[in-house]
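What follows is a single structure, written as structure tokens, with notes after it.
Only the coordinates and a few stated rules stand behind these numbers; no lab work does. Here the structure is a predicted model, which is why all the values come from computation and not from measurement. Every residue, glycine among them, receives a Cβ derived from its backbone with ideal geometry; neighbour counts consider all protein chains shown.
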Amino acid sequence: MSRRTGWRIRLAHTCLILGGLLAVLLVPDLVRANPAPSAAAVAPAAPGDSLAGPAAVADPHAVPAAHGSDPAADAHGAPGADGGVGGIVKGVMEHHLTDATHFELPLLPVDLHKLRIRLPFFDGLYQSTREGNPLISWMSQDPDGKAYLQVTKHLVFMSLAFVLVVVLLLAARRSAGSAAPRGVGNLVEAVIVFLRDEVILPNTGPEGRPYLPFFLTVFFFILSMNLLGLVPFGSSATGNLSVTAGLALCAFALMQVAGMRAHGVAGHFKGLLPHGVPWPVLFILAPIEFLGMFTKPFALCVRLFANMMAGHAVIAAFMGLIVVPVLALANIPVAVAIGLLELFVAFLQAYIFTMLTAIFTGAFIHQH
Amino acid sequence: METIGLIGAGIGAGLVSLGAGLGIGRIGGSAMEGIARQPEAAAKIQTAMIISAALIEGVTLFGTVVCLLAVLK
């Protein structure tokens with residue numbers, strides 16, 4: 001489209017394309033959220049559901065056994081089998097939001113429940129955490145009581161985000177050395193320079209330079225995981241508590257390492273206590289400061305997880321409100337608007353995670 | 001028992017949104033005042049506003065996740 005086209009036409013075209021993309025994004029949820037009996041025929045995942053019978057038991061994301069043992073209740077459109085509103089919410093919404101061993105690509109249901117690795121070393125740990133533990137939920141709840149590493153939907157999308165980030169950054173390297181970067185290298189370099197000069201180095205100081213690769217990688221990784229949840233048929237791996245817990249664990253490790261490299265192991269812990277307070281106060285302050293070392297990464301974890309899950313939950317809830325087709329006229333524009341908000345939140349949360357990790361690392365490096 | 005849990009979840013989610021609205025509204029208001037007083041500091045004020053809003057929203061979503069857990073269990 002040449003610049004001779006008026007700005008009104010270009011604006012209209014842009015709105016059309018964006019609106020079309022977001023509407024396509026919502027079609028899978030629209031098809032699946034309708035609890036009418038005809039949904040079983042309409043939804044393209046019907047063969048996936050019959051395969052998902054044993055998968056419902058093997059679902060690793062801590063579905064309690066009482067609910068997971070009825071496969072029909074876990075599939076679309078048979079809500080209320082567990083009783084009440086909770087059953088409807090679980091039956092219709094849950095597999096959009098939590099991890100699952102099956103997911104759909106266009107016209108292609110993908111069933112992952114056979115894709116698993118036997119881990120005999122963890123059998124004892126699995127037995128002791130039988131009832132479901134959100135941080136060890138990657139263990140398959142197999143009826144034979146053995147521990148497996150189950151490949152799940154979030155793991156697949158996390159790996160896809162990993163591949164995307166690697167490809168993007170390798171492609172950006174080609175114009176890395178030149179004075180005027182071109183193409184995707186330009187984009188990546190602009191983002192990296194902004195993060196480095198406005199967000200990370202002002203907060204960590206010049207001693208934070210060795211940790212730059214971590215901050216930049218974590219930003220792009222979280223961003224791509226968040227954005228993959230917005231494309232049609234995609235799901236964001238950061239909507240899984242285990243994934244954000246892993247990221248927060250890496251941030252925690254970085255904070256400790258940064259503090260210990262700057263001040264030594266003893267100095268790192270001694271620096272938690274502020275100067276110039278009377279010594280009895282230290283008895284109260286020391287445990288609080290020590291706990292604060294753990295609550296900061298915990299807050300990072302839950303903030304990212306909750307932001308991503310809440311966005312998808314609201315959209316799923318709006319789709320679930322469509323009990324008669326005419327309601328779609330009201331619900332879909334609202335869901336599209338919330339999808340736009342979610343796009344903003346995806347970028348914002350990646351930025352906030354990076355920035356807060358930089359701030360906390362700087363706090364450990366420069367103690368008062 | 002499940003009904004009481006659901007009622008609690010609903011009320012809790014509403015209260016959580018109330019808290020977030022109050023908090024972020026105050027941040028927005030102060031940011032507007034600051035920008036009105038000193039338009040050349042607008043970029044810095046806007047950055048600080050977005051950061052504070054995201055932090056408060058984090059706390060909000062802690063509560064929302066608890067309510068969601070109450071519904072889904």
Contact list, first residue from the stretch B:61-73 and more than 7 Å from every other protein chain (Cβ to nearest Cβ), second anywhere and not basic (Lys, Arg), beta-carbon distance below 6 Å, six or more apart or interchain, is B:63/B:16; B:67/B:9; B:67/B:12; B:67/B:13; B:70/B:5; B:70/B:9
Residue A:351 meets each of (1) over 23 Å from the mean Cα position of the chain (by Cα); (2) within 14 Å of chain B (Cβ to nearest Cβ) with one exception, condition (1)
Only one of A:185, A:229 is within 22 Å of the chain's Cα centre (by Cα) and surrounded by 13 or more Cβ atoms within 10 Å (Cβ to Cβ), namely A:229
If we ask which residues in the stretch A:259-308 are in contact with a Ser or Thr (Cβ under 9 Å, 6 or more places away or on another chain) and either away from chain B (no Cβ under 14 Å) or over 21 Å from residue A:357 (Cα atoms) (or both), their number turns out to be 1
Residues of the stretch B:42-60 being within 10 Å of the chain's Cα centre (by Cα), more than 7 Å from every other protein chain (Cβ to nearest Cβ) and hydrophobic (A, V, I, L, M, F, W, C), in sequence order, are B:53, B:55, B:56, B:59
For the stretch A:297-312, the count of residues that are crowded, with 20+ Cβ neighbours inside 10 Å and over 13 Å from residue A:238 (Cα atoms) equals 1
Residue hits (the stretch A:259-279; within 19 Å of residue A:210 (Cα to Cα) and surrounded by fewer than 11 Cβ atoms within 10 Å (Cβ to Cβ)) are none
When (1) away from every other protein chain (no Cβ under 14 Å); (2) touching a residue at least 24 places away in the same chain (Cβ under 8 Å); (3) crowded, with 19+ Cβ neighbours inside 10 Å are applied to residue A:331, the one that fails is (2)
